[in-house]
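Participant: The structure's right below; bear with me while I get my questions together.
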Amino acid sequence: MENHKPAPVYTKYFTPVVIVLSVLALNGILFLIARFVLGIGAVTNLNNQHPWGIWIAIDVAAGVALAAGGFTTAALGHIMHKDQYHSVIRPALLTAALGYTFVAASVMIDLGRPYFIWHPLLMWNGTSVLFEVGICVMIYLTVLYIEFLPIVTERFIGRVNLPGFLKKFNQSLDKLLRVLDKGLEKTMFIFIIAGVVLSCLHQSSLGTLMVIAGPKMHPLWQTPILPLLFLLSAISVGFPMVIMESLLTSRSFKLKPETPILANLGSMVAPLLGIYLAFKIGDMVIRQTFVYLTEITTESVMFTLEMLVGVIIPLRIFLSRGLSKNPLALFIASVMVVFGVLLNRINNFLVAYTPPYEVHSYFPSFGEISVTVGFIALEVLLFRFFVIHLPIVSVPDTSTSPKTKFSIRG
């Protein structure tokens, strides 16, 4: 069997798809600049009745959930010592790092006074759910960057080649990289465990945030176990997100998909979805909220779509032994789970939430949509850039090929 090892994927950066994504990213950046120059009211449809929109529902709440592949694969590969899954850990880590970076950016742009983003660091409020979420996200983002450092040291140790007058720093920088690599090798288990714990904390706390909304939430989603449901749904979407990302990366870079590993990951998704579905149905039976499904309303339709497309159908696919080993079936089922969690967060934060004294309903402006789409496009562009320049994706180990000394500028 051919050996694989993480290595940069040498290919051209710009393709027709990348050019389209670049245009979308640029469009989002322009509206983002307008938001900071003209104010949040000039770009969004937010007001006193609707203080948050898709920047919170999609960019933050859904972004946090869809970045769960970082802590689920870390727990699987490092804590449970399943070495066969190490090939998917680095791409999942990169996805999580990029996801949480843009989550932090989204929180800042959604604040009326973004220059107060640093307040939670000094002005602690132990009774605030948002404080717990904010502190956990800040610490976990730092942990993700620390976990990512060994990839950087691996890429540039022995290959530091600064140009011009900066050459005198080559030896010192290489020595620093070696010290970092050696230190992280001995302490990385601390950060991995901390990352898993922190993820569980803030994933559930986002659900707590909507519990305290009380009667403003529709009964189909308002439940005391919402923090548990948020955590279970985040854990359930971790592996599907990794499967989807891996198959898309393989296709984009013309690599052979790691079907056996992905099929094994897929076999773990069905029990997780089953547990989530059991809690969801049990909660509905106990609170008798299923009566709301007998009425044809926006809430009942969205709830049915969320459960049917996002949970029940992909659960059936993942339970099928034959289908789960088919890359196309794995991809479709994974996309459906990702869509279901995305829809769940939109439903909780927008569809289910009805502000008191509401005058009119909320619908995102073109500027809000542009920033959200631009952020997603920028994440994909950065993912491609890092995969090309850093040892993230596992490729066939061709030890007979000549080694090239790379510049740190490359």
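Participant: What do you reckon, is ILE151 modelled with pLDDT of 85 or more, within 19 Å of HIS78 (Cα to Cα), surrounded by 16 or more Cβ atoms within 10 Å (Cβ to Cβ) and in contact with a His (Cβ under 8 Å, 6 or more places away or on another chain)?
Facilitator: Taking the combined requirement at face value, the residue does not satisfy it.
Participant: How many residues does segment 112-144 hold that are exposed (fewer than 14 other Cβ atoms within 10 Å of the Cβ) and under 21 Å from the mean Cα position of the chain (by Cα)?
Facilitator: 0
Participant: Regarding LEU130, is this residue assigned to a helix (DSSP H, G or I), at pLDDT below 90 and farther than 20 Å from LYS5 by Cα?
Facilitator: yes
Conditions (1) surrounded by fewer than 20 Cβ atoms within 10 Å (Cβ to Cβ); (2) part of a loop (DSSP other than H, G, I, E, B); (3) aromatic (Phe, Trp, Tyr); (4) in contact with a Cys (Cβ under 8 Å, 6 or more places away or on another chain), marked per residue:
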{"position": "MET241", "(1), (2), (3), (4)": "no, no, no, no"}
{"position": "MET268", "(1), (2), (3), (4)": "yes, no, no, no"}
{"position": "PRO271", "(1), (2), (3), (4)": "yes, no, no, no"}
{"position": "MET302", "(1), (2), (3), (4)": "no, no, no, no"}
{"position": "PHE318", "(1), (2), (3), (4)": "no, no, yes, no"}
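Participant: Now, a different point. Among the residues of segment 156-177, are any of a type outside the set (S, T, N, Q) and closer than 21 Å to ALA68 by Cβ?
Facilitator: no
Participant: OK, next. Does LEU162 fit the bill of being without any contact (Cβ under 8 Å) to a residue 40 or more places away in the chain and either under 27 Å from ARG90 (Cα atoms) or out of contact with any Lys or Arg (no Cβ under 9 Å at 6 or more places or on another chain) (or both)?
Facilitator: Against the criterion (without any contact (Cβ under 8 Å) to a residue 40 or more places away in the chain and either under 27 Å from ARG90 (Cα atoms) or out of contact with any Lys or Arg (no Cβ under 9 Å at 6 or more places or on another chain) (or both)), LEU162 does not qualify.
Participant: Would you confirm, using the coordinates I've provided, whether LEU323 is closer than 14 Å to SER236 by Cα and without any contact (Cβ under 8 Å) to a residue 60 or more places away in the chain?
Facilitator: In short, no.
Participant: Something else now. Answer with yes or no whether SER394 is at pLDDT below 90 and under 26 Å from GLN222 (Cα atoms).
Facilitator: no
Participant: Then there is this: Going through SER361, SER320 one at a time, which residue ends up being closer than 27 Å to ILE89 by Cβ and at pLDDT below 90?
Facilitator: The conditions single out SER320.
Participant: Which one of these is surrounded by 14 or more Cβ atoms within 10 Å (Cβ to Cβ), touching a residue at least 60 places away in the same chain (Cβ under 8 Å) and under 21 Å from THR208 (Cα atoms): SER87, SER106?
Facilitator: One residue alone meets the criteria, SER106.
Participant: Exactly one condition in (1) buried (at least 18 other Cβ atoms within 10 Å of the Cβ); (2) within 20 Å of the chain's Cα centre (by Cα); (3) of a type outside the set (D, E, K, R) is false for PHE339; which is it?
Facilitator: (1)
Participant: Only one of ILE54, ILE29, ILE58 is out of contact with any strand residue (DSSP E or B) (no Cβ under 7 Å at 6 or more places or on another chain), modelled with pLDDT of 90 or more and more than 25 Å from PHE386 (Cα to Cα); which?
Facilitator: Every option except ILE54 fails the conditions.
Participant: While we're here: Give me the residue from segment 277-296 that is surrounded by 14 or more Cβ atoms within 10 Å (Cβ to Cβ) and not hydrophobic (A, V, I, L, M, F, W, C) and, out of that set, nearest to LEU232 (Cα to Cα).
Facilitator: LYS280
Participant: Of these, ASN161, ASN125, which one is assigned to a loop (DSSP other than H, G, I, E, B) and within 26 Å of GLY53 (Cβ to Cβ)?
Facilitator: ASN125 is the lone residue from the list that is assigned to a loop (DSSP other than H, G, I, E, B) and within 26 Å of GLY53 (Cβ to Cβ).
Participant: How many residues are assigned to a helix (DSSP H, G or I) and closer than 16 Å to PHE230 by Cβ when one looks only at segment 341-389?
Facilitator: Residues that pass the stated criteria total 11.
Participant: Which condition number does PRO224 fail, the rest of (1) part of a loop (DSSP other than H, G, I, E, B); (2) in contact (Cβ under 8 Å) with a residue 24 or more places away in the chain; (3) over 30 Å from PHE385 (Cβ atoms) being met?
Facilitator: (2)
Participant: Counting just the residues of segment 181-193 that are surrounded by fewer than 17 Cβ atoms within 10 Å (Cβ to Cβ) and in contact (Cβ under 8 Å) with a residue 12 or more places away in the chain, which one comes out nearest to the chain's Cα centre (by Cα)?
Facilitator: The extreme case among them is ILE193.
The values are calculated or read from the model by the stated rules, or taken from the named source; none is laboratory data. Here the structure is a predicted model, which is why all the values come from computation and not from measurement. Positions of Cβ are backbone-derived with ideal geometry, glycine not excepted, and every protein chain shown enters the neighbour counts.
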